[in-house]
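The values are calculated or read from the model by the stated rules, or taken from the named source; none is laboratory data. These numbers were taken from a predicted model, which means no experiment stands behind them. Note that each Cβ is placed from the backbone with ideal geometry, even for glycine, and that neighbours are counted across all protein chains shown. Quick note on the areas: whole protein, heavy atoms, side chains included, nothing else; ligands and nucleic acids left out. Shrake-Rupley method; radii C 1.70, N 1.55, O 1.52, S 1.80 Å.
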Amino acid sequence: MSVYLVRRLAALVPVMLVVVTIVFLLIHLIPGDPVAVMLGPDATPAQVETTRQALGLDRPVHEQLLKFYGRLLRGDLGRSYFLDRSVTQALWERAEPTIVLTLASLLVAVAIGVPSGIVAGAHQGSRWDRFLMLGALLGVCVPGFWLSLNFIYLFAVRLGWLPAAGYTSILADPVAGLRYMVLPAVSLGFNQSALIARIARSCMVEVLQQDYVRTARAKGLPRRVVIYVHAFRNALVPVVTVIGITMAILIGGAVVTEIVFNIPGLGRLIISAILRRDYPVVQGVVLVTATAYVLINLSVDMIYAFIDPRIRYE
């Protein structure tokens, strides 16, 4: 296991190198000049040229890329053109809302999807199965932003139970932080719970047809024990895979949710950075997000070994 973990961590380096290179080249090729945005339309050509030299934007793209590689080796993500602070500091300031939203949405998705899939699979063809899969179908079809707006109208505007938008740090005020996070987490997590529910159902249906399940039933074990002890654990490996993918999707889906609910996270940061051509911030957010994707996949692979003792990594 330790050798496998070291190999996977070593493989992280070339993956990040490719991701950073592609993002760097793409963002430098799109139309727009950050200096023109910074100085405004009244800037003189001399001012524009001086600022471009100060930021290093007058150099060829390959030289800028090599310089960026050198900063990465030193652990330096650069300095924002507009925020008057380092990219690392900007990411650190915006990381908490995105992390809280992602984890809360994942909790909602798992809490809805896994039990729904298990119940539907254990009662294949029943009313419960049709009802729960209909809910999963709605979760796949309904756009997240539409669901968010309806939640705001119903629970914030009409009923007044929860705040419509904004964010309070859970570390500073846990109660207020949770109240602000309920609507965005449910609206974002409900969409992803549909995929988890459908995969969990399919896995349960397949596992319940295996010989060892028939043997357990033949021994006279209660139905609840057969489903939740014998079948559920063996159906977990594909479900855990989907949960890992869901968490990665939630990181990207948080962008729209943060805009709708006015949450000051990484999603809003990268949108504003793209609009202003703030190259260092865009590169930093993409690098952190890509690293999170790879680490999530690695964590899922590690969990496999704990769920199924037959899985071993060489």
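Tabulated data
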read-out: Förster radius 25 Å - calculated FRET efficiency between THR241 and ALA111 (Cβ-Cβ, nearest 0.05); value: 0.85
read-out: For segment 222-234, 3J(HN,Hα) per residue [Karplus equation, 6.51 cos²θ - 1.76 cosθ + 1.60, θ = phi - 60°, Hz, x = Gly/Pro]; value: x, 4, 4, 5, 4, 6, 8, 9, 8, 7, 4, 5, 6
read-out: For the chain, size of Cβ-based charge dipole, Lys and Arg +1, Asp and Glu -1, in debye; value: 1220
read-out: Carbon plus sulfur fraction of accessible area for segment 171-314, probe 1.4 Å, in percent; value: 65
read-out: Over segment 201-259, equivalent-ellipsoid semi-axes from the Cα gyration tensor in Å; value: 35, 10, 7
read-out: 1.4 Å probe accessible area per residue over the chain, in Å²; value: 55
read-out: Segment 1-151 - Rg over Rh from alpha carbon coordinates, Kirkwood radius; value: 1.16
read-out: Top positive-direction residue, dipole computed over the chain with Cβ charges, set VAL226, GLY75, VAL182; value: VAL226
read-out: Scattering curve values for segment 183-314, log₁₀ I(q)/I(0), Debye with Cα scatterers, q = 0.09, 0.10 Å⁻¹; value: -0.41, -0.49
read-out: Computed E for LEU65/LYS219 - FRET, C-beta separation, R0 51 angstrom, nearest 0.05; value: 0.20
read-out: The chain: DSSP helices with Cα axial extent of at least 24 Å and average Kyte-Doolittle hydropathy no lower than -1.0; value: 2-29, 87-122, 174-207, 236-260, 279-307
read-out: Fraction of accessible area attributable to carbon and sulfur, segment 46-103 (%, probe 1.4 Å); value: 56
read-out: Equivalent ellipsoid dimensions for the chain as semi-axes, Å, which come from the Cα gyration tensor, largest first; value: 44, 26, 15
read-out: Order by protection proxy (mean Cβ within 10 Å, highest first), peptides 126-135, 175-184, 143-152; value: 175-184, 143-152, 126-135
read-out: Cα pair distances in segment 16-76, grouped into 5 Å bins until the bin that holds the longest one, percent each; value: 4, 16, 23, 23, 17, 11, 5, 2
read-out: Estimated FRET transfer efficiency (VAL3, PHE306; beta-carbon r; R0 30 Å; 0.05); value: 0.95
read-out: Segment 94-139: C-alpha gyration tensor shape, a/c 1.5 cut-off, then a/b vs b/c; value: prolate
read-out: For ARG79, distant residues with modelled amide H under 5 Å away; value: VAL87
read-out: Cβ-placed point charges (K, R +1; D, E -1), dipole of segment 195-314 about Cα centre in debye, nearest 20; value: 540
